[in-house]
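A short write-up of the structure that comes next.
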Amino acid sequence: MSKTVEIHIKRRDNPDAPARWEEFEIPYRKNLNVISCLMEIRKNPVTRQGKQTTPPSWDMNCLEQVCGICTMVINGRARQSCSALVDNLDQPIKLEPMSKFPNVRDLVVDRSQMFDHLKRVHAWVELDGSHDLGPGPRMDQEDVMERYAYSRCMTCGCCLEACPQYDGDNYIGPQAIAQVRLFNMHPSGAMDREERLEALMGDDGITNCGNAQNCVKACPMNIPLTRAIYEENRETVVHGLFGWLKK
């Protein structure tokens, strides 16, 4: 008897339609990942019960766990579907869209809010590109290592899916706070340090962190998110107490 893979997908035709589960079964192959399974289902979208249905929708791009766009909830845990191997998952494999973002269709979500938060905290270094900047200032090796860890964020949203505080517009979230830490540590980025700290001091800012520490466990890149929250919380307190002296 040939082996098969059983997959259950939580589907929705459009943002206003009710969600429903559909079950699929595909032939097993060694080293299958979840995206390979979805592509197999898309070729012949027929449920286990023999009902013809529409091909499932999902996002994907790099297929190397770099872009983060294929993130979905797999067996109850947010992770990248490109690196989730069938051999390491319990069956039936249950696929759901992330719950902290608006569901567009099937496994596709609208993650615009994450990028809006990055704009709000000015998560970049201003460069006009019109002159030779030279080799740049020297940085302490320990700071370089810490900054490198934050630079690995792929804006996948796993930390936000795991965070009990992140819901709607009530909390800016650990990924944006970690990017504040990244750019405030940069000698050139520090020029906009106060603007970033002010962005974290709003009603939905860093003080809304509930210290659950789920984010650091959920991050697939092992980014020290709790350290970033601690450091930026300290910076915002100092800025709130003494920042007015600089004005």
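Here the stretch 62-108 is the region considered, the condition is being over 21 Å from GLN175 (Cβ atoms) and charged (D, E, K, R), and the residue that is most open to solvent (accessible area, probe 1.4 Å) is ASP90. Quick one: in the stretch 119-150, which of the residues that are surrounded by 14 or more Cβ atoms within 10 Å (Cβ to Cβ) and small (Gly, Ala, Ser) is farthest from GLN65 (Cα to Cα)? By that ranking, first place goes to ALA123.
Taking the criterion of being at pLDDT below 95 and open to solvent by 10 Å² or more (accessible area, probe 1.4 Å), would at least one residue in the stretch 31-43 satisfy it? Yes, some residue in the stretch 31-43 is at pLDDT below 95 and open to solvent by 10 Å² or more (accessible area, probe 1.4 Å).
Taking the criterion of being farther than 13 Å from HIS8 by Cβ and among the basic types (Lys, Arg), the residues of the stretch 45-92 that qualify are LYS51, ARG77, ARG79. Residues that are small (Gly, Ala, Ser) and in contact with a helix residue (DSSP H, G or I) (Cβ under 7 Å, 6 or more places away or on another chain) within the stretch 53-98 comprise ALA78, SER81, ALA84, listed in sequence order. Screening GLN165 with (1) in contact with a Phe, Trp or Tyr (Cβ under 6 Å, 6 or more places away or on another chain); (2) outside any loop (DSSP other than H, G, I, E, B); (3) not aliphatic (A, V, I, L, M) gives one miss only, at (2). Selection of first residues in the stretch 29-53 that are among the basic types (Lys, Arg) and of second residues that are part of a loop (DSSP other than H, G, I, E, B) and open to solvent by less than 100 Å² (accessible area, probe 1.4 Å), restricted to Cβ pairs under 8 Å at least 6 apart or on distinct chains, gives the following pairs, ordered by first then second residue: ARG42/PRO55; ARG42/PRO56.
Within the stretch 202-230, residues that are closer than 20 Å to THR71 by Cα and part of a loop (DSSP other than H, G, I, E, B) sit with their Cβ atoms under 8 Å from residues that are at pLDDT below 95 and not β-branched (Val, Ile, Thr), at 6+ positions apart or across chains, in these pairs: PRO220/GLN65.
Give me a count of the residues in the stretch 102-151 that are basic (Lys, Arg), farther than 30 Å from ASN14 by Cα and modelled with pLDDT of 95 or more.
Let us first name the residues in the stretch 102-151 that are basic (Lys, Arg), namely 105, 111, 119-120, 138, 147.
Now restrict to residues that are farther than 30 Å from ASN14 by Cα: 138, 147.
Of the ones still in play, those that are also modelled with pLDDT of 95 or more are 147.
Residues in the stretch 102-151 being basic (Lys, Arg), farther than 30 Å from ASN14 by Cα and modelled with pLDDT of 95 or more: 1 in total.
The values are calculated or read from the model by the stated rules, or taken from the named source; none is laboratory data. The model shown is predicted, which means the values in this text are computed figures rather than measured ones. Cβ coordinates were reconstructed from backbone atoms using ideal geometry, including for glycine residues, and neighbour counts include every protein chain displayed. Note: areas computed on protein heavy atoms with side chains; ligands, DNA, RNA excluded. Shrake-Rupley method; radii C 1.70, N 1.55, O 1.52, S 1.80 Å.
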